[in-house]
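Taking it in order: structure first as structure tokens, then the write-up.
The values are calculated or read from the model by the stated rules, or taken from the named source; none is laboratory data. Here the structure is a predicted model, which means the values were calculated and not measured. All Cβ positions, glycine included, derive from the backbone under ideal geometry; neighbour counts span all protein chains shown. The protein model used for the area step is the full one, side chains on, heavy atoms only, and it has no ligands, DNA or RNA in it. Shrake-Rupley method; radii C 1.70, N 1.55, O 1.52, S 1.80 Å.
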Amino acid sequence: MSAFRVRPAAVSDGGFLAEMVVEAANWQLDGIRPRHEVIASAEYRRYLAGWMRPGDAGFLALDEFGEPIGAAWYRTLPRSDPGFGYVGTGIPELIIGVRPIWRARGVGRALIREVSDHARGAGYRLISLSVQRGNHAATLYRSEGFAVTESGQVRDIMVKRLG
């Protein structure tokens, strides 16, 4: 396994979180959407706007040189502006992205564990996420305790009980 470490996200990490939203949106290599298009779309902007507002929390993975290679964070979104993985008021939604070269090397798993532990410590009982059909990350999510609670035409909503 390659060397990396995980640290809490800071207000100044908003730009890197935007990069990870683009990575998450472009998980399929055959349909790459330009960065500006992803960031400008309302469906993805909700995961970034106003970072780090009260209730937001996240973690970054850094390579051996201190360069960010992945991030996972959560937000609680209102019913009036739900995210892809919205399941209810007060239930945080997990967003995760890892640079392609670092995938399948334990980075995503480490980030999911950190963010889940943090959410549990903050008093949340559940955390949700959305995953498109065919995304291999769904196997990781299942192995970390997420279960499909709602199946849509293109994506599934998965929820993890935090204890």
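Carbon and sulfur atoms: what percent of the 1.4 Å accessible area of region 1-148 do they account for?
In region 1-148, the share of accessible area belonging to carbon and sulfur is 54 percent.
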* Asked: Treating the beta-carbon of each Lys and Arg as +1 and of each Asp and Glu as -1, no other charges, what is the dipole magnitude of the chain about its Cα centre, to the nearest 20 debye?
  -> 380 debye
* To do: For region 38-74, state which chymotrypsin sites (Phe, Trp or Tyr not before Pro) are in a DSSP loop and have at most 11 other beta carbons lying within 10 Å of their beta carbon.
  => Phe65
* **Relative contact order (%) - region 12-163, alpha-carbon pairs under 8 angstrom, separation at least six** => 19 percent
* Asked: If you take the square roots of the eigenvalues of the alpha-carbon gyration tensor of region 24-111 and sort them as a ≥ b ≥ c, do you get rounded (a/c under 1.5), prolate (a/b over b/c) or oblate?
  -> oblate
* Relative contact order, percent, of region 83-142 when contacts are C-alpha pairs under 8 Å separated by at least 6 residues? -> 47 percent
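So what is the diffusion coefficient of the chain in µm² per second by Stokes-Einstein at 10 °C and 1.306 mPa s, using a Kirkwood Rh over Cα pairs? Don't skip to the answer; put the middle values down first.
Details: Rh = 15.7 Å.
Result for D is 101 µm²/s.
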* Write down the accessible area per residue of region 76-163 in Å², having rolled a 1.4 Å probe over the full set of protein chains. => 53 Å²
* Length released on extending from Glu144 to Ser2, taking residue separation times 0.36 nm less the Cα-Cα span -> 49.1 nm
